[in-house]
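Everything on this sheet refers to the single structure shown next.
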Amino acid sequence: MSARARSDFSRFIVVWAGQMVSAIGSGLSAFTMCVYAFRTTGLATSYALIVLWGFLPQFLLTPIGGVLADRFDRRLLIVIADLGCAAGVLFIFFMMSVGHIQLWQIDLGVAITSVFVAVREPAYKASISDFLPPDLYAKASGLMQLAGSAQFLLSPLIAGI
C-alpha cells in the first residue's frame, strides 16, 4: 500500500470509527427504549411500535437519501444527519428529564432519528469513493458491514452488562 493510500485509509478509519461508535450508541438507545416501553406498559405492542418507528422511515426514505447523497456533499449530509439523529435522542432525553414520558414521545423521537438515519447511511456508504482509491473499496466495505452489524450484536450485549 502506498503512502497516499495509507493516508487515505487512515482518514477513512477515523470516519468509520466515529460511525461505529454512533451505530453502537443508536443500538443502545433503541434497545433501551424498547425495554423501557415494555416494562412500563407490559405490552409487546409498545415494543413493536418503537421497532416500527425505528425502521419504517428508514425503509421508506433511504432511496431519497441515496439521491441526496449523489447530488450533495456527502460529508455535509453525514454531519447534518448525525445532528438530526442527536436531536431525536435529545428530544427523548428532554421529555424524560421533565417528567413522565409517554409512549408517543418515545415513538416520535425514534422516528425523528430514523428519518435522519435514512439520509446518513447512503451518504456514509457512498463516501467510500470520496476517501479511498478503488483498490481499497472491498476492505472499506467489509469494515462498514462490521460497523452496521455491531449495532445489532454489540449494543444488546453492552446494554445487558
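Observations
- Taking the Cα atoms of region 3-161, the ratio Rg/Rh between the radius of gyration and the Kirkwood radius comes to 1.02.
- Note on T41 and M96: the extension gain reaches 18.2 nm, defined as 0.36 nm multiplied by sequence separation minus the Cα-Cα distance.
- In terms of accessible area, using a 1.4 Å probe and ignoring ligands and nucleic acids, Y124, Y137, Y47 rank largest first as Y47, Y137, Y124.
- Note on W104: accessible area is roughly 140 Å² with a 1.4 Å probe, heavy atoms of protein only.
- Tilt relative to the chain, helix 103-126 - C-alpha long axis, 0 to 90 degrees, to 10: 10
- Under Karplus coefficients 6.51, -1.76 and 1.60, residue-wise ³J(HN,Hα) of region 136-149 in Hz, glycine/proline x: 9, 4, 5, 4, 5, 4, x, 5, 5, 5, 4, 5, x, 6
- With the whole protein complex present, K139 retains an accessible surface near 100 Å², based on a 1.4 Å probe.
- Average accessible surface area per residue within region 42-130, 1.4 Å rolling probe, Å²: 56
- Counting only heavy atoms of the protein chains and using a 1.4 Å probe, T40 has close to 70 Å² of accessible surface.
- With contacts taken as Cα pairs under 8 Å and at least 6 residues apart, region 1-133 reaches a relative contact order of 36 percent.
- Region 68-74 - phi-based ³J(HN,Hα) in whole Hz, Karplus 6.51/-1.76/1.60, Gly and Pro as x: 4, 5, 7, 9, 10, 5, 5
The values are calculated or read from the model by the stated rules, or taken from the named source; none is laboratory data. None of these values were measured; they are calculated from a predicted model. Ligands, DNA and RNA are stripped out before the accessible areas are found, and what is left, the full protein with its side chains, is counted by its heavy atoms. Shrake-Rupley method; radii C 1.70, N 1.55, O 1.52, S 1.80 Å.
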